[in-house]
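J.: Pasting a structure here, questions to come.
The values are calculated or read from the model by the stated rules, or taken from the named source; none is laboratory data. Because the structure is predicted, anything quoted here is derived from the model rather than measured. Because the Cβ atoms are built from the backbone with ideal geometry, glycine has one as well, and the counts that use them run over all protein chains shown. Ligands, DNA and RNA are stripped out before the accessible areas are found, and what is left, the full protein with its side chains, is counted by its heavy atoms. Shrake-Rupley method; radii C 1.70, N 1.55, O 1.52, S 1.80 Å.
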Amino acid sequence: LDITFPTEDHADTVKRAMEVDEEIGDRIKKSFSIVKSSSNDELVVMRVQFQATEAKMLRVAVSTFYDYLTVTLKCFQEFEDVPDQTMITAE
């Protein structure tokens, strides 16, 4: 999954918040990285990669990730001015 942010600070803050919650067990693993957007040098992408031993576990992990991401983005909207350019894209 690629989540695009307007600044590296936003991407890093979300990455640090999301990394805290480790997956339970060894059937699912996720890793985070921050890279420059290939389409726009001003934007930053937080890339999340999932690996799972079962399709069901992958679905649950991705669904849970989106729930936590939604809460995190709502916190940005509530407590900080986040430009409307923040968008979520999945690859």
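J.: Determine which lysines satisfy two conditions relative to residue 29: a Cα distance under 16 Å, and not lying fewer than 8 residues away in the same chain.
T.: Residue 29 reaches 15, 56.
J.: Another question, then. Excluding residue 44 itself, calculate the net charge of residues whose Cβ lies under 12 Å from the Cβ of residue 44, where each Lys or Arg counts +1 and each Asp or Glu counts -1.
T.: It works out to a net charge of -3.
J.: In the chain, carbon and sulfur make up what percent of the accessible area (probe 1.4 Å)?
T.: Of all accessible area on the chain, carbon and sulfur atoms account for 48 percent.
J.: Could you give the dipole magnitude of the chain about its Cα centre, charging the beta-carbon of Lys and Arg +1 and that of Asp and Glu -1, in debye to the nearest 20?
T.: 480 debye
J.: Another question, if that's okay. Could you pull out every one of the aspartates and glutamates with an alpha carbon less than 19 Å from that of residue 74, ignoring same-chain neighbours closer than 8 positions?
T.: 2, 8, 9, 12, 19, 21, 84
J.: Same structure, new question: Helix 8-19 versus the longest principal axis of the chain: what angle, 0 to 90°, nearest 10, using Cα atoms?
T.: 20 degrees
J.: Using 10 Å bins from zero, what percent of all Cα-Cα pairs in the chain falls into each bin?
T.: The distribution over the chain is 15, 50, 28, 7, given as percents.
J.: Where only protein heavy atoms count, and the probe is 1.4 Å, what is the accessible area per residue for the chain in Å²?
T.: Roughly 69 Å² per residue, with all protein chains present.
J.: Further question: Evaluate E = 1/(1 + (r/R0)^6) for residue 56 and residue 77, where r is the Cβ-Cβ distance and R0 equals 30 Å; express this FRET efficiency to the nearest 0.05.
T.: That gives a FRET efficiency of 0.40.
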